[in-house]
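I'd like to ask you about the structure that follows.
The values are calculated or read from the model by the stated rules, or taken from the named source; none is laboratory data. Everything quoted here is computed from the prediction, not taken from an experiment. SASA here: full protein model, heavy atoms, side chains in, ligands and nucleic acids out. Shrake-Rupley method; radii C 1.70, N 1.55, O 1.52, S 1.80 Å.
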Amino acid sequence: GDAAGFPVDLVIIKSSSRYNYALVGQAGKTVRVVNSNDGLSQYIYCNGSLKEVKGGVNMTFTNIGYQNMIPAVSASVIGAGWLIGGNNDNGW
């Protein structure tokens, strides 16, 4: 669409089905993910494992670069370099 290639800092997941997501961004990129369905968790890949974003949660993900991780993570790993920051559950 018109936003193709536009840098994204906020991802709002509004879904009635469960999905697994992989964030894309260079080292230093921070993205806030909001799951707006309070009754259903979604999942984000971080260094090859799925991390739960519970319903109603506002969570921060930062890419520190897979080469900066100890032990090192391969670039081919889904979600390589992404770490979870703070989160808040706004359950309603």
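In the chain, what percent of the accessible surface is made up of carbon and sulfur (1.4 Å probe, ligands and nucleic acids excluded)?
Reported share for carbon and sulfur atoms: 54 percent.
Still on this structure: Rounded to a whole number, what is D in µm²/s for the chain from Stokes-Einstein with the Kirkwood radius over alpha-carbon pairs (37 °C, 0.692 mPa s)? Don't skip to the answer; put the middle values down first.
Numbers: Rh = 13.6 Å.
D = 241 µm²/s.
Moving to a separate point now. Compactness ratio of region 1-55: Cα Rg over 2.2 N^0.38 Å, N = residue count?
On the way: Rg = 12.0 Å, N = 55, 2.2 N^0.38 = 10.1 Å.
For region 1-55, the normalised Cα radius of gyration is 1.19.
In addition: For the chain, give me the percentage of DSSP beta bridges that are antiparallel, rounded to the nearest 5 percent.
Bridges in the chain that DSSP calls antiparallel: roughly 75 percent.
With a probe of 1.4 Å, find how much accessible area the chain has per residue, and write the answer as a whole number in Å².
62 Å²
A further question follows. Out of every Cα pair in region 35-83, what percent are spaced more than 13 Å from each other? Mind showing how you got there, number by number?
Details: 669 of 1176 pairs.
The proportion of pairs with Cα distances above 13 Å equals 57 percent.
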